[in-house]
Amino acid sequence: MEAYSEKVMEHFRNPRNVGEIENPDGIGKVGNPVCGDIMELYIKVKDNVITDAKFKTFGCGAAIATSSMVTELVKGKTVDEAMKVSNRAVAEALGGLPPIKMHCSVLAEEALKKALDDYQRRTVKKLSGKAA
């Protein structure tokens with residue numbers, strides 16, 4: 001079995017941004033039935049910039065580390081910039097992941113994309129509600 005990078009271990013031992021955001025602007029929930037990992041990602045957006053991101057993850061060390069890292073990567077980014085954050089970027093920011101754990105970075109990317117999609121859906125709904 002390949003060893004985890006020091007950065008993966010650091011984010012596993014001391015994950016950043018754990019928890020829920022009250023009244024989030026977007027929520028992304030994903031799960032992998034094969035490995036049992038479940039991620040929930042919450043974002044807060046103001047003036048099209050992600051001001052906060054938190055997560056709740058039930059899963060292995062790599063799932064927790066990738067969730068932690070993706071929240072760190074998107075804070076302060078615009079919604080468009082956050083849309084471009086890939087699973088590779090998450091894995092690279094962690095100093096790499098063993099090939100057998102790359103699916104965890106894919107889950108983190110999917111959770112982020114779902115949260116951003118949810119945010120955009122809610123925004124369109126708000127805008128269409130105001131226009132009516």
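Values quoted throughout were computed directly from the atomic coordinates according to the rules given, and no laboratory measurement underlies them. Fair warning: this is a prediction, and the values are worked out from it, not measured in the lab. Cβ coordinates were reconstructed from backbone atoms using ideal geometry, including for glycine residues, and neighbour counts include every protein chain displayed.
What is the sum of charges around residue 21, taking Lys and Arg as +1, Asp and Glu as -1, for the other residues whose C-beta is under 9 Å from the C-beta of residue 21?
On the way: positive: 44, 54; negative: 20, 22, 25, 52.
Around residue 21, the surrounding residues sum to -2.
Rounded to the nearest 500, what is the 222 nm mean residue ellipticity of the chain from helices alone, with -39500 (n - 2.57) per DSSP H run of 4+ residues and division by all residues? Could the numbers behind the result be given before it?
Values: 5 runs with 64 residues, N = 132.
Here the helix-only value at 222 nm equals -15500 deg cm²/dmol.
Beyond 25 Å, what percent of the Cα pairs of the range 6-123 remain? Intermediate results must be reported in sequence, preceding the final value.
Numbers: 904 of 6903 pairs.
Of all Cα-Cα pairs in the range 6-123, 13 percent lie more than 25 Å apart.
Which helices pass in the chain if a helix is a full DSSP H run, must span at least 27 angstrom along its long axis by Cα, and must have mean Kyte-Doolittle hydropathy not below -1.0? If you can, show how the numbers build up before the last one.
Values: long enough: 102-131 (44 Å, -0.60).
Taking the DSSP H segments of the chain (at least 27 Å long, mean hydropathy at least -1.0), we get 102-131.
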